[in-house]
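The values are calculated or read from the model by the stated rules, or taken from the named source; none is laboratory data. Keep in mind the model is a prediction, meaning the values are calculated, not measured. We place every Cβ from the backbone using ideal geometry, glycine too, and count neighbours over all the protein chains shown.
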């Protein structure tokens with residue numbers, strides 16, 4: 001059975017960043033859920049990591065930890081923040097940030113054409129395009145992938161196209177955020 005992972009985060013001052021990882025079936029039904037403890041970087045980390053701190057926290061620290069603690073394998077992981085794409089360096093499955101309104105993400109999105117890119121690479125495998133595409137449009141959604149993982153576009157399409165009629169790719173993020181807020185209320 002295909003399982004899809006959805007990873008979302010909330011900022012919960014003063015406690016920090018919380019993450020939630022929801023695995024759903026092809027019908028969008030929950031199969032497994034994990035949430036993190038709040039992560040609050042200290043001042044030294046803020047200084048040393050600079051602008052790379054948030055991608056490190058979301059992708060490497062919180063995201064990777066949540067994914068490693070799951071029992072079910074997933075085909076793809078969808079995130080709601082481009083800053084979490086750093087997770088792709090730590091996992092063996094495609095990771096993509098999902099957006100329902102491409103205009104809200106980029107003023108000039110370069111949507112990938114898999115056939116054209118594949119033909120270009122096969123015609124001259126030593127010439128890499130100047131700007132490797134890192135976006136793919138599936139139904140009404142724009143998926144942004146980590147750069148350097150061209151094969152991920154094909155894997156994302158193969159996994160998501162069959163279920164796009166049954167699953168709104170943005171909706172599970174709302175469930176995760178609500179569950180994280182409820183967990184915070186219960187622990188308070």
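Please determine, by comparing only the residues of the range 25-69 that are in a loop (DSSP other than H, G, I, E, B) and under 20 Å from residue 182 (Cα atoms), which one is farthest from the chain's Cα centre (by Cα).
Result: 40.
Among the residues that make up the range 38-54, is at least one of them touching a residue at least 24 places away in the same chain (Cβ under 8 Å) and under 28 Å from residue 167 (Cα atoms)?
No, that holds for no residue.
Can you pull out every residue in the range 78-93 that is over 8 Å from the mean Cα position of the chain (by Cα), part of a helix (DSSP H, G or I) and more than 11 Å from residue 64 (Cα to Cα)?
83
Exactly one condition in (1) at pLDDT 90 or above; (2) loosely packed, with under 14 Cβ neighbours inside 10 Å; (3) in contact with a strand residue (DSSP E or B) (Cβ under 6 Å, 6 or more places away or on another chain) is not met by residue 142; state its number.
All conditions pass for residue 142, except number (2).
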